[in-house]
1. Consider residue 203 against the criteria (1) touching a helix residue (DSSP H, G or I) at 6+ places or on another chain (Cβ under 8 Å); (2) more than 17 Å from residue 90 (Cα to Cα): it satisfies all of them except one. Which criterion is unmet?
2. Restricting to region 163-196, name every residue that is surrounded by fewer than 17 Cβ atoms within 10 Å (Cβ to Cβ) and either within 24 Å of residue 241 (Cβ to Cβ) or within 15 Å of the chain's Cα centre (by Cα) (or both).
3. Filter region 233-255 down to the residues that are part of a loop (DSSP other than H, G, I, E, B), touching a strand residue (DSSP E or B) at 6+ places or on another chain (Cβ under 6 Å) and surrounded by 18 or more Cβ atoms within 10 Å (Cβ to Cβ) and list them by number.
4. Identify, please: which residue in region 105-128 is over 21 Å from residue 251 (Cβ atoms), at pLDDT 95 or above and touching a helix residue (DSSP H, G or I) at 6+ places or on another chain (Cβ under 8 Å) and is, among those, surrounded by the most Cβ atoms within 10 Å (Cβ to Cβ)?
5. Which members of region 129-149 meet the condition of being more than 16 Å from residue 197 (Cα to Cα) and touching a helix residue (DSSP H, G or I) at 6+ places or on another chain (Cβ under 6 Å)?
6. Would you confirm whether any residue within region 126-136 is farther than 26 Å from residue 230 by Cβ and either within 17 Å of the chain's Cα centre (by Cα) or free of Cβ contacts under 8 Å to residues at least 12 places away in the same chain (or both)?
7. Give just the number: which of (1) at pLDDT 95 or above; (2) under 16 Å from the mean Cα position of the chain (by Cα); (3) surrounded by fewer than 21 Cβ atoms within 10 Å (Cβ to Cβ) does residue 199 not satisfy?
8. Given the structure, is residue 106 under 14 Å from residue 176 (Cα atoms), in contact (Cβ under 8 Å) with a residue 12 or more places away in the chain, within 11 Å of the chain's Cα centre (by Cα) and in a strand (DSSP E or B)?
């Protein structure tokens, strides 16, 4: 089983690639803007007005005086699409900022854009196939495979040289993700309302409107068809049993309910 290999500039994997590849992980800053200034297309303004001069000064001072090690570690940027586990037709473009927590696990924060005003809309945990197979059976339906996203060209790493991106996608192709979105920007919510929603990843052509990837590619300067050709030699993995539960017509999803408060 192919274990997850490092995709960051700090790991040895990058050093074995073509000359100059070690500097490619500054791509987060080089990637083209991916949304209008206020993130997901069609979403309303977040209420409250712009930050005051006082709060901007506070933020600038905090940036100089406080450490942000967990955030600084989020040096891997991926762009793809999720859909609500119980509604295949509701796709959301997701901008992942990830780090290797261990060799076999990434943790990611998800935004609706890549600019300073982007909204934090969710999280994703990514694990190796080995770890997925060891999960309890009742846990596995919460996870989705990455076999299609990676080999089809739907998942991209803006600003990364194609040869390096292809190596990265080969490693990610055998992984599994558990994703929760906390802000339903696609329905026009100006605030993060309701409870977290379980999300899934696409598994075949025709599930996502091609106009969505075409518009994304236009903004990023990428090409899904070209990515697919570049990744043609990546073997499409056999999906481990238990993942992609939605394909069977039933899927987990959270519901809000009242429960008694437990007292000490």
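1. (2) is the only condition that residue 203 fails.
2. Residue satisfying the conditions is 182 alone.
3. Selection gives 239, 243, 244.
4. 112
5. Across region 129-149, the qualifying residue is only 146.
6. Among the residues of region 126-136, at least one is farther than 26 Å from residue 230 by Cβ and either within 17 Å of the chain's Cα centre (by Cα) or free of Cβ contacts under 8 Å to residues at least 12 places away in the same chain (or both), which makes the answer yes.
7. The failed condition is (3).
8. Details: under 14 Å from residue 176 (Cα atoms): yes; in contact (Cβ under 8 Å) with a residue 12 or more places away in the chain: yes; within 11 Å of the chain's Cα centre (by Cα): yes; in a strand (DSSP E or B): yes.
The answer is yes for residue 106.
The values are calculated or read from the model by the stated rules, or taken from the named source; none is laboratory data. Predicted model, so just to flag it, every value in this text is computed and none were measured. Using ideal geometry, Cβ is built from the backbone for each residue, glycine included, and neighbour counts are taken over all protein chains shown.
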